[in-house]
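Notes to accompany the following structure.
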Amino acid sequence: IVGFTDISRALQPIEVMDMLDRLYFKFDALARKHDVFKVETIGDAYMAVANLVKDQPKHTELIARFALDAIQTANETIIHEGQPDLGFVNIRVGFHSGPVVSSVVGNLNPRFCLFGDTVNTSSRMESHSEKNQIHLTEFAAEILKEQAPDVRLTCRGVTSIKGKGHMITYWLEGFGPCTARKVSQLSSCTPGSNHEESNNIKHPDSPAPPNLAECDEENVYADAEV
């Protein structure tokens with residue numbers, strides 16, 4: 001949650017709990033809708049996964065659609081019903097695709113957990129994301145494009161990720177026709193990277209498809225083969 005520290009300072013603990021309860025109740029409904037598995041909540045962080053407890057060939061698309069709905073739902077959730085001046089919840093989202101191990105460790109207050117570098121990378125995508133944006137790795141972007149050819153992705157460029165070094169990352173814009181939503185301060189991707197060899201994902205230096213010229217003005221890029 002963007003500004004969660006300030007929110008916690010402004011509200012009583014029980015009011016923070018009420019806000020999270022209302023928000024997570026909605027997220028739980030979205031998890032059921034998109035058939036993703038809720039792993040846990042840690043403070044203001046909600047962790048979900050796909051293709052874990054059952055085979056889901058379009059697992060990355062499921063997470064992506066869940067993420068888009070989560071942002072919309074958060075933006076419709078008021079922080080405090082008695083203090084409307086505090087506004088509505090804003091969140092950052094990040095995800096990655098890769099191997100994990102799931103288990104319950106220890107025997108005191110046991111809880112289900114995920115382990116592996118995929119979890120760490122996903123967490124870094126979230127922490128390096130921006131307000132109401134969905135941030136994903138290049139690997140996840142390639143898989144998503146295979147599973148959902150109509151997805152709209154914008155290359156963020158080379159980003160310095162804490163504990164991971166420099167990574168090429170992407171913003172998820174949505175699915176289907178371009179809505180011309182502006183993304184600010186996008187950097188070019190590294191020349192010679194794998195994404196330049198693919199016709200599926202566009203980046204800021206690539207020409208926009210003719211039928212999406214209006215989107216190019218807003219720095220939104222989509223697949224020409226939609």
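Since every read-out is calculated from the coordinates, none of them should be taken as a lab result. Values in this document were obtained by computation on a predicted structure and should not be read as measured data. A quick note on method: Cβ atoms are made from the backbone with ideal geometry, for glycine too, and the neighbour counts reach across all protein chains shown.
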Amide H contacts under 5 Å for Ile134, placed H, 5+ residues apart: Leu172
The range 12-80, relative contact order [Cα under 8 Å, separation at least 6], %: 34 percent
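What's the ranking of 104-111, 19-26, 79-86 by average number of surrounding C-beta atoms within 10 Å, highest first? Display every interim value, and only then the final one.
Working: 104-111: 7.5, 19-26: 16.6, 79-86: 12.9.
In decreasing order of mean packing, 104-111, 19-26, 79-86 become 19-26, 79-86, 104-111.
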Highest-first arrangement of 45-55, 65-75, where packing means the average Cβ count within 10 Å: 65-75, 45-55
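Take every Cα-Cα pair in the range 16-95 and report what % of them are more than 22 Å apart.
Numbers: 771 of 3160 pairs.
When all Cα pairs of the range 16-95 are counted, 24 percent exceed 22 Å.
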The range 70-120 pair-distance distribution - Cα-Cα, 10 Å bins, rounded %: 21, 25, 25, 25, 4
From phi via Karplus (6.51, -1.76, 1.60), per-residue ³J(HN,Hα) for the range 29-44 in Hz, x at Gly/Pro: 5, 5, 4, 5, 4, 9, 6, 10, 9, 6, 8, 5, 10, 10, x, 9
The range 8-62: radius of gyration and largest Cα-Cα distance (Dmax), Å: 13.8, 44
Protection proxy ranking, peptides 144-150, 130-136, average beta carbon neighbours within 10 Å, highest first: 130-136, 144-150
Relative contact order (percent, whole number), the range 11-143, Cα cutoff 8 Å, 6+ residue spacing: 20 percent
